[in-house]
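Please read the structure below before turning to the comments.
The values are calculated or read from the model by the stated rules, or taken from the named source; none is laboratory data. Every value quoted in this text rests on a predicted model; they were computed, and no experiment measured them. Methodologically, a virtual Cβ is constructed for each residue, glycine included, from the backbone with ideal geometry; neighbour enumeration extends over all protein chains shown. Protein only, heavy atoms only, side chains kept; ligands, DNA and RNA dropped before computing areas. Shrake-Rupley method; radii C 1.70, N 1.55, O 1.52, S 1.80 Å.
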Amino acid sequence: IIVPVAILAKNDKIHHGASTATTEPESHVDKVFNFLVDNKVTSEPRLLDKKSPQHFAMQFMAAGDGFVDLDLLDDADYAQKFIERYSLVVMYYHLSGPHWTYKLKFLSPTDHCNWHDYYETAGGDVVKEGISCVNGTVTEIILAWNNLEGFDLPHELAHLVKLESFHAYSNKGLVSSEFPRVFRSMPQLKSLALQHASLSGNIPDWIGEMTALTSLGLGDNSFKGTVSKNLKKLTNLRLLGLDDNKELHGNINELLGEMKNMEFLYLQGNYFDGSVDRLLEKMPNLMELDVSKNMLDGSFDRVLTHEKLMVADLHGNLLGSEFPSDFLENNNLEYLDVHDNEIRGPISDRIAFLKSLKHFDVSYNKLSGVIPDTVTDMTGLVY
């Protein structure tokens, strides 16, 4: 684990090329090399490896960057800014920056806080990709849909000491055989989006240390094994996506604890077990729930009585209770899919109490009886 450099004062905590004792003037490359080594930003062997992204970044900062001023490295604030910029350049080379779909002004001779661009989506929305800063310090990296290619993530990113968001979803060239360790050095991270990449391995116990997270997206990867119970320590989460990893296991009630802030939960396409009703007891603010294609059993009564739930997709599980009959008017639930389960008994005539329901699928169950006449009152149904 690389601990980010903490710069507390000018000229006393940052080293400035003390590694090489010589009477000759330092070259720019030597000066950057010594600075990075003395401040434990990158190890000497990495910098000397001429094929490493760290070596390419060092060369760029020393000779190819028209923005930096190496004479200002004696200033602690400038030195921290230099470390940030170098870390971003390492990331650029590590993730095959020259082949990115969107160049985002990376390596341009401007402040790296300007390394971003704006794009209009098919729906007309304008989105920002690249680097964002607050008070001159990097707080956000957005590199989604950008043809990133590389194994894991460089540890130099740990030096972005105020980074709050890292989004690199929909990059199948981003490969790792484990959950990237660099994030363990980012306790301030609030939003992490790595879905639709090529990540594998286990979700580690230290995930529970990332307590600032409010959004965690790891869906459509190849993570496997039993998810660590330390996940329940992330009580600030509002969104969690572990969907379509295919081989994740665990009891959802033990894994998720009392996540009272959760609003969007996507666990579909795995081997999770447990009770939906018990889960909803602990998540009063949940609005969207997709736990389809898992191994959940029991009843789903609380789906119909939850005060905020709008979407509930429970299809493809082992739900084996009778269709709920004890529920009152619900104006929130719009989507209910429980097809392909083991649900028994008749559909309650109270089904019309679900005033806002647009999608209702109970096919491929063990229901009996007649369809209640009250279904004709459900005029909002589309499917």
Number of positions in the range 180-196 that are open to solvent by less than 30 Å² (accessible area, probe 1.4 Å), within 22 Å of Lys246 (Cβ to Cβ) and under 11 Å from the mean Cα position of the chain (by Cα)
3
Taking into account only those residues within the range 75-101 that are among the small types (Gly, Ala, Ser) and under 22 Å from the mean Cα position of the chain (by Cα), which is most open to solvent (accessible area, probe 1.4 Å)?
Ser96
For the range 132-142, does any single residue satisfy the condition of being more than 19 Å from Phe56 (Cα to Cα), open to solvent by less than 10 Å² (accessible area, probe 1.4 Å), among the hydrophobic types (A, V, I, L, M, F, W, C) and in contact with a His (Cβ under 6 Å, 6 or more places away or on another chain)?
no
Sort out which residues of the range 357-383 are part of a loop (DSSP other than H, G, I, E, B) and surrounded by 14 or more Cβ atoms within 10 Å (Cβ to Cβ), and write them in order of number.
Leu357, Lys358, Val362, Tyr364, Asn365, Pro372, Met378
Does Val311 satisfy being open to solvent by less than 20 Å² (accessible area, probe 1.4 Å) and at negative phi?
no
Sort out which residues of the range 167-179 are open to solvent by 10 Å² or more (accessible area, probe 1.4 Å), at negative phi and either at pLDDT 95 or above or aromatic (Phe, Trp, Tyr) (or both), and write them in order of number.
His167, Tyr169, Lys172, Gly173, Val175
Restricting the first residue to the range 94-113 and requiring it to be closer than 17 Å to Leu153 by Cα, which pairs with a second residue that is part of a helix (DSSP H, G or I) and of a type in the set (Ser, Thr, Tyr) meet a Cβ separation below 9 Å and a spacing of at least six or different chains?
Pro98/Tyr92; Trp100/Tyr92
Just give me the residues in the range 179-209 being closer than 14 Å to Val227 by Cβ and in a loop (DSSP other than H, G, I, E, B), in sequence order.
Phe179, Asn202, Ile203, Pro204
Lone qualifier among Asp337, Asp373, Asp326 - being of a type outside the set (A, V, I, L, M) and touching a residue at least 40 places away in the same chain (Cβ under 8 Å)
Asp337
Go through the range 118-166 and give me each residue that's charged (D, E, K, R), at pLDDT 95 or above and out of contact with any strand residue (DSSP E or B) (no Cβ under 6 Å at 6 or more places or on another chain).
Glu149, Glu156
Residue satisfying all of: in the range 38-74; within 16 Å of Ser27 (Cβ to Cβ) and among the small types (Gly, Ala, Ser); most open to solvent (accessible area, probe 1.4 Å) among these:
Ala63
